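A.B. asks: Here it is, the structure in full.
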Amino acid sequence: MAEHGALWVIVGLVACGLVALWATRPAPPGVVAELDLSRFLGRWYALAHIPTSFERGCAHGTTATYVLLPNGQIEVLNECYDAQGKKRVARGRAWIPNPQEPAKLKVSFVSLFGIPLFAGDYWVIELAPDYSYAVVGHPTRRYGWILSRTPKLDEAAWARIKAALARAGYRWEQFVLIDQSVHLGAKS
């Protein structure tokens, strides 16, 4: 009988620990109140990120291009160059699961018979009024991207971005800058 009592004490302690752990998790970051998808589409230069597994092989020149498809989904084309200068490409699909929250997208780079699998969250947490830059995050803050319509931003824009990251619960030190020198001579 004493064995069962000890087991229940252990179960209780584990449960309390899990509840305490869950209670101390920070709330997910907020998202922008409005997102005009037609203005968000097009090519973006990734200037900094918390790298995903695909991006860990990228050395420079990372871009993301979003194109609206006839079915309302968004084609996602991510491109970068590895350390040897070889272009790497990842194609995926994005969609807005809830039209009431257009800044909370889902993205998948894996599909089976046209059905997207393993979709990840892609939340727009900051957006310049003129759509010149965007900060995209994840509810757990495990991922993040700083996107710009040009391969370079001025210091004032970087200051606004860093402030937005801090408000969203990110630490700037989590991000890795992306070399965009390959695009600096190109027209944006």
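A.B. asks: Among the residues of region 101-120 satisfying the criterion of being of a type in the set (Val, Ile, Thr) and surrounded by fewer than 16 Cβ atoms within 10 Å (Cβ to Cβ), which is nearest to residue 70 (Cα to Cα)?
C.D. replies: Here the answer is 115.
A.B. asks: Now a separate question. Residues that are acidic (Asp, Glu): list the strands (runs of 3 or more DSSP E) wholly contained in region 68-175 that include at least 3 such residues.
C.D. replies: It comes to none.
A.B. asks: Also, I was wondering about something else. Output the residues belonging to region 122-148 that are crowded, with 20+ Cβ neighbours inside 10 Å and of a type in the set (Gly, Ala, Ser).
C.D. replies: Answer for region 122-148, where residues must be crowded, with 20+ Cβ neighbours inside 10 Å and of a type in the set (Gly, Ala, Ser): 134, 137, 144, 148.
A.B. asks: In addition: State all residues of region 131-188 that are free of Cβ contacts under 8 Å to residues at least 24 places away in the same chain and in contact with a strand residue (DSSP E or B) (Cβ under 6 Å, 6 or more places away or on another chain); if no residue qualifies, say none.
C.D. replies: Across region 131-188, the qualifying residues are 136, 138.
Residue by residue, here is whether (1) within 17 Å of the chain's Cα centre (by Cα); (2) at pLDDT 95 or above holds:
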{"residue": "68", "(1), (2)": "no, yes"}
{"residue": "74", "(1), (2)": "yes, yes"}
{"residue": "104", "(1), (2)": "yes, yes"}
{"residue": "115", "(1), (2)": "no, no"}
{"residue": "155", "(1), (2)": "no, yes"}
{"residue": "162", "(1), (2)": "yes, yes"}
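A.B. asks: Turning to a different aspect of this structure: Look at region 27-73 and say how many of its residues are over 15 Å from residue 143 (Cα atoms), out of contact with any Leu (no Cβ under 8 Å at 6 or more places or on another chain) and loosely packed, with under 14 Cβ neighbours inside 10 Å.
C.D. replies: Here the count works out to 11.
A.B. asks: Hey, another quick one. Within the set of pairs 6 or more residues apart or between chains, which connect a residue that is within 20 Å of residue 117 (Cβ to Cβ) and loosely packed, with under 10 Cβ neighbours inside 10 Å inside region 77-100 to a residue that is at pLDDT below 95 and among the small types (Gly, Ala, Ser) with Cβ atoms less than 6 Å apart?
C.D. replies: none
A.B. asks: Of all residues in region 54-70 being of a type outside the set (Gly, Ala, Ser) and either in contact with a helix residue (DSSP H, G or I) (Cβ under 8 Å, 6 or more places away or on another chain) or touching a residue at least 40 places away in the same chain (Cβ under 8 Å) (or both), which is farthest from residue 144 (Cα to Cα)?
C.D. replies: Only one residue tops the list, namely 68.
A.B. asks: Let me spell it out: the conditions are (1) surrounded by fewer than 19 Cβ atoms within 10 Å (Cβ to Cβ); (2) modelled with pLDDT of 95 or more; (3) over 20 Å from residue 105 (Cα atoms), and residue 181 meets all of them except one. Which number is the exception?
C.D. replies: Only one criterion is unmet by residue 181, namely (2).
The values are calculated or read from the model by the stated rules, or taken from the named source; none is laboratory data. Values in this document were obtained by computation on a predicted structure and should not be read as measured data. Please note: Cβ atoms are built from the backbone with ideal geometry, for glycine as well, and neighbour counts cover all protein chains shown.
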